[in-house]
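What follows is one structure encoded as structure tokens, with my remarks underneath.
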Amino acid sequence: MEDRQAGGSAIPASPFGVPIYRMIWGANLLSNFGTLIQSIGASWMMVSLSGSATLVALVQASTTLPVMMLALVSGAVADNFDRRKIMLAAQTLMLCAASALAICGLLGVLTPWMLLAFTFLIGCGTALNGPAWQASVGEMVPKPLLSSAIAYNSMSFNIARSVGPALGGVIVAAAGAASAFLVNALSYVGLIAVLLGWKREVPENHLPRERLGSAVGAGVRYVLMSPALKTIMVRAGVFGLFSSAISSLMPLVARDLVKGGPLTYGLLLGAFGLGAVAAAVNISRIRTNFSTELIVRSASLAFLIGAVGAGLSRSILLTMPALALAGGGWVLALSTFNASIQLGSPRWVVARAVSLYQLVTFGGMAAGSWLFGSLADARGVSAALIIAGLLQLIVFAIGLLRRLPDMGGDNLDPLNRWREPETSVPVEARSGPVVITIEYRVPRENWQAFMDVMAERRRIRIRDGARRWRLLQDLNDETLWIERYQAPTWLDYVRYNERRTHADIANSEALHALHVEDEAPVVRRKIERHPGSPYPGTMDPADEVTPSMIDPARYT
């Protein structure tokens with residue numbers, strides 16, 4: 001029977017059946033070509049300006065470092081503002097920075113530190129764009145197609161990687177690095193045009209936006225209180241740290257090990273990209289037949305063999321297959337991490353979860369670029385690559401201790417059962433702190449099971465924003481147990497309750513099963529008062545707040 005979306009229309013067989021996804025994917029592919037062409041120009045320009053392996057490796061670090069620095073803020077912004085406008089702003093920033101870099105290159109006034117500064121600005125645009133783009137995919141395609149859409153996003157970059165570097169090498173060899181910078185600047189124009197024409201349906205939200213600091217804190221708290229997401233973050237960070245060696249040292253592999261020029265450099269990156277495309281094309285089939293843990297272990301093994309092979313080889317005919325194998329492992333691991341993060345996060349926090357993933361992954365890459373660049377200066381490029389490959393054994397070791405979960409089985413859609421209660425005491429958005437107590441009647445024989453279920457309840461409460469969670473037992477009535485937590489304001493309390501998902505039902509049902517029959521838990525909501533301050537009921541009636549916290553017209 002044909003699958004259908006919530007609105008009744010048939011679900012396309014592929015994400016490319018969704019017009020807006022198809023157009024943005026195509027424009028993004030052209031932009032990726034520009035990015036890869038510029039990477040060739042920037043790396044080779046740095047080789048020309050400075051012979052330092054550390055400065056050459058810092059070209060990649062200057063692009064990935066902003067992702068690490070701005071990840072938390074960009075994720076919070078993407079979850080609270082129109083993602084289309086955020087992507088437009090990011091693309092415009094990158095267009096301006098790439099244009100300025102091209103002009104300086106054509107005028108011959110570039111210095112190593114100017115080059116790093118401009119690539120850093122382009123990296124800032126990438127940091128702002130990434131979470132908004134990743135989170136928007138879930139709005140463009142139906143949920144059954146989300147995993148494939150994420151894989152195709154990785155494939156887009158790696159299609160560009162397979163051809164773009166070689167094309168970049170030709171451009172650099174024929175017209176100079178500044179021409180590569182100009183091509184990159186032009187590549188942003190198409191994506192900006194598509195985004196301008198996208199009539200995005202902004203999800204209705206009757207709540208005011210979260211303040212930036214609170215939004216960042218909510219995202220970090222959600223990930224820290226989600227064991228599965230934490231495991232993915234740890235594994236992604238370690239893999240990013242050790243896998244950065246090939247990308248950051250590729251210019252030196254072309255120059256020092258293979259004894260080639262910019263065209264050779266492009267061919268080597270093209271081989272890496274071809275391996276990545278091959279993995280991306282088959283990733284849906286791979287995920288269907290293998291567990292997440294087995295996929296990542298296989299990817300680490302492929303990268304290990306590829307890095308060691310590239311370090312030992314002195315022939316381009318042997319280096320290219322080794323790099324293709326490493327490229328396949330690279331995209332297989334990173335796209336698996338990315339898909340797992342998105343499938344394991346509800347929509348209200350998905351951009352922040354993605355941004356944290358980018359923080360640890362690209363932070364690891366930035367640190368690895370510096371580490372292996374310094375190691376190449378001290379011990380040589382070959383030794384640095386061999387050591388980087390062997391360090392993948394640590395990824396295997398961590399997998400024995402923290403196995404990756406298979407994500408996507410839980411329904412993380414909003415539950416939408418909770419309704420804001422009427423209160424006899426007037427409250428408004430800023431009223432608080434609000435203290436909530438839930439009274440349970442638990443027979444003695446259920447106490448241990450109740451304590452075990454409450455451990456999971458505590459994690460869920462704190463994950464979604466509850467504070468000062470406590471579990472109490474009445475000393476004069478042994479069957480009376482009281483769950484207590486608080487929210488800073490009434491608005492925070494409402495926001496917290498609207499974050500509940502279908503996946504949380506099982507915990508609530510387990511608690512109710514342990515409660516005495518024919519009696520529901522008693523929920524009490526209280527507000528803290530400060531003695532000596534004016535009581536709201538004594539204010540002029542014209543100034544009193546209304547019982548309802550939410551006024552849609554006020555907060556739209």
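Readers should treat all values here as calculations from the given coordinates under stated rules, not as data from a laboratory. All of these numbers come straight from a predicted model, not from anything done at the bench. All Cβ positions, even for glycine, are placed from backbone atoms using ideal geometry, and neighbour counts span all protein chains on display.
Principal axes first, then extents: for the Cα atoms of segment 67-139, list largest minus smallest coordinate on each axis, whole Å, largest first.
Sorted largest first, the three principal extents are 44, 20, 15 Å.
Order by neighbour count: ASP474, ASP464, fewest other Cβ atoms within 10 Å first, most last.
Going from sparsest to densest Cβ surroundings: ASP474, ASP464.
Between the helical axis of 316-343 and the dominant principal axis of the chain, each derived from Cα atoms, what acute angle in degrees is found, rounded to the nearest 10?
The helix 316-343 is inclined about 10 degrees to the chain.
If you count, for each residue, the other Cβ atoms within 10 Å and average over each peptide, how do 300-307, 285-292 line up from highest to lowest?
300-307, 285-292
To the nearest 20 debye, what is the magnitude of the charge dipole of segment 314-457 about its Cα centre, counting +1 on the Cβ of each Lys and Arg and -1 on the Cβ of each Asp and Glu?
I would put it at about 400 debye.
With +1 on each Lys and Arg Cβ and -1 on each Asp and Glu Cβ, and nothing else charged, work out how big the dipole of the chain is about its Cα centre, in Debye to the nearest 20.
Approximately 1480 debye in magnitude.
I need the peptides 28-40, 311-323 ranked by packing, meaning the mean over residues of other C-beta atoms within 10 angstrom, with the highest value on top.
My ranking of the peptides, most packed first, is 28-40, 311-323.
For the Cα atoms of the chain, what angle does the longest principal axis make with the long axis of helix 53-80, in degrees from 0 to 90, nearest 10?
30 degrees
Can you give the Rg to Rh ratio for segment 394-486, taking only C-alpha atoms and Rh from Kirkwood?
Radius of gyration relative to Kirkwood radius: 1.09.
Cross-link partners among lysines for LYS199, C-alpha distance below 30 Å, same-chain residues fewer than 8 apart left out?
LYS85, LYS143
State log₁₀ I(q)/I(0) for the chain at q = 0.09, 0.13 Å⁻¹ as given by the Debye formula over alpha-carbon point scatterers of equal weight, solvent excluded.
-0.73, -1.26
For the chain, take the longest principal axis of its alpha carbons; what is the angle in degrees between that and the long axis of helix 112-140, to the nearest 10 within 0 to 90?
The angle comes out at about 50 degrees.
Label-point separation (nm) for HIS206 and ASP413, each offset 7 Å from Cα along Cα-to-Cβ?
Here the answer is 2.0 nm between the modelled labels.
Could you tell me which of GLY34, ILE171, PRO414 has its Cα farthest along the dipole of the chain towards the positive end, charges placed at Cβ (Lys, Arg +1; Asp, Glu -1), taken about the Cα centre?
ILE171
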